[in-house]
Amino acid sequence: MVCCILAILLSVAAMLPRTAQTPTKAEVFPSVSISLPPSIPSETVQISYFLRGPFGGYGGYTEQRAGGHSYEIPASVESKAATEIRMIVYASGCEIQTFDIPLAEDSRVEQEFPCQRVATVKLSGQIVPNELARDNNAELVVMYMAYWAHGFYGIADGMVTEFRLATASPDANGMFEVDLPYFNADGAAPSSESRAGFWLMLRDSKTWNHIASDLEPEVPELRLEGHGLRIRSHYPDGLKFTRGPF
């Protein structure tokens, strides 16, 4: 009886397609890995990227995570391999770096991120009216708006590339103080007035609901066209910020 069962099983196995009998070789997908210096905590790294290929163009951000030594970006869209990737990489305390890397169909590229230390500028300000900041959960968020990224990515429009720089909890009088990076104007991140700026917003730290989406400086010379704060190497103490028109 046992011999009969064994013979039947062998017959069934023989009739199975060859792919069902032997595992296929794992498919290799192209990717780009950003290696971080040991001194840079991975949770402080923010990466924006844009892929080009037979699919057209596709952009996004990597998800921040702690305890890592690198970030890996899949270099394909809908199973179509990218032919190029452009990246903007920012880590707290470092200058912004840009990378433009051509890719082969099965590329698995490794790129080091060299941290060039960035100078800082103190921003000491006050939100007015201070009632905006009296909520115990009120949190100020400062973003870097990279308007120049459209040109780097070779696109005409789309969402502005942005990086979170700092958060602070204003006191009951709306006072706050943060240290912001002063990016090198000759480096990858232009500091010119129209090509980059700081965006300040007030939100609830627990729900992330916006309290004031656009805070603008009362000093016209420091106000970025549209909204935001111009990048400067020095700001006056106690600079007042009011809710913007948006």
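The values are calculated or read from the model by the stated rules, or taken from the named source; none is laboratory data. On a predicted model such as this, the values are computed, not experimentally measured, just so you know. Neighbour counts are summed over all protein chains in view; Cβ atoms, including those assigned to glycine, are modelled from backbone coordinates with ideal geometry. Note: areas computed on protein heavy atoms with side chains; ligands, DNA, RNA excluded. Shrake-Rupley method; radii C 1.70, N 1.55, O 1.52, S 1.80 Å.
Here are the numbers for the structure shown:
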| read-out | value |
| --- | --- |
| M87 vs. criteria touching a Leu at 6+ places or on another chain (Cβ under 9 Å) and buried (at least 18 other Cβ atoms within 10 Å of the Cβ) | no |
| Odd one out for I127 among (1) within 18 Å of the chain's Cα centre (by Cα); (2) under 24 Å from L224 (Cα atoms); (3) of a type outside the set (D, E, K, R); (4) open to solvent by less than 60 Å² (accessible area, probe 1.4 Å) | (1) |
| Residue selected from the range 208-226 under the condition touching a residue at least 24 places away in the same chain (Cβ under 8 Å) and under 21 Å from the mean Cα position of the chain (by Cα), by the criterion least open to solvent (accessible area, probe 1.4 Å) | D214 |
| Residues located in the range 210-246, provided they are closer than 13 Å to M145 by Cβ and either of a type in the set (A, V, I, L, M) or outside any strand (DSSP E or B) (or both) | L224, E225, G226, H227, G228, L229, R230, I231 |
| Contacts under 9 angstrom Cβ, first residue in the range 72-101 being under 14 Å from E112 (Cβ atoms) and of a type in the set (F, W, Y), partner open to solvent by 20 Å² or more (accessible area, probe 1.4 Å) and outside any loop (DSSP other than H, G, I, E, B), 6 or more apart | F99/Y49; F99/R86; F99/Q111 |
| Residues of the range 63-117 that turn out to be over 15 Å from F163 (Cβ atoms), of a type in the set (S, T, Y) and within 16 Å of the chain's Cα centre (by Cα), as a count | 1 |
